[in-house]
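Accompanying notes for the structure given below.
The values are calculated or read from the model by the stated rules, or taken from the named source; none is laboratory data. Given the structure is predicted, the values throughout are model-derived calculations rather than measurements. Note: ideal-geometry Cβ built from the backbone for every residue, glycine included; neighbour counts use all protein chains shown.
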């Protein structure tokens, strides 16, 4: 793989993460204007479609780059896992519309803010992977751990949110709505954890 091809792949990963970042901006906007959830969800779906196009373009180019099969697969998976998250954010927005969410709770808003913060850290992580050298291993590992911590923190938040949902009087429909959204958010953080695993594998491959 040439330096130009390597730069291309990292540029595409950053571009895909940038689309994910735009999705999160729209999602944050939805928290402030929940009555506009349908229109905002459509905008997120448009961004998700852009992510699909970028992913397919990247994989087509990846197939033409001379690489060992295992390295090609590892790069494919890293990029695919970012694209998976763009799909999941789109699905979250559709879940909000599907379940006709009309109220933004404190826990709901905090969860979306955590997604946005995690995406910012994901971009930092990809850039750290681009610049990685063995002598930076300790610093790089701290960056991965900081990113991975978002999943751990949301699991704790999820337990609190679900406990509150089922321990206090709530309308049954509201329980169904909120749990569907919280579960969709948990899926996103589980996908972030997979991306963190990709980064750890990257460190191991570099020594």
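Some notes on this structure:
- Within the option set 47, 62, 20, 54, being more than 24 Å from residue 128 (Cα to Cα), in contact with a helix residue (DSSP H, G or I) (Cβ under 9 Å, 6 or more places away or on another chain) and assigned to a helix (DSSP H, G or I) holds for one residue only, 47.
- The condition (being within 22 Å of residue 49 (Cα to Cα) and either within 21 Å of the chain's Cα centre (by Cα) or at pLDDT 95 or above (or both)) is satisfied by just one residue among 180, 128, 184, 149: 184.
- None of 136, 161, 165, 125 is in a helix (DSSP H, G or I) and in contact (Cβ under 8 Å) with a residue 60 or more places away in the chain except 125.
- Subset of the stretch 10-53 (residues that are surrounded by fewer than 21 Cβ atoms within 10 Å (Cβ to Cβ), in contact (Cβ under 8 Å) with a residue 40 or more places away in the chain and closer than 28 Å to residue 69 by Cβ): 10, 12, 14
- Among the residues of the stretch 98-111, those that are crowded, with 17+ Cβ neighbours inside 10 Å and part of a helix (DSSP H, G or I) comprise 107, 108, 111.
- Residue list for the stretch 184-207, restricted to those being more than 17 Å from residue 150 (Cβ to Cβ) and either without any contact (Cβ under 8 Å) to a residue 24 or more places away in the chain or crowded, with 22+ Cβ neighbours inside 10 Å (or both): 204
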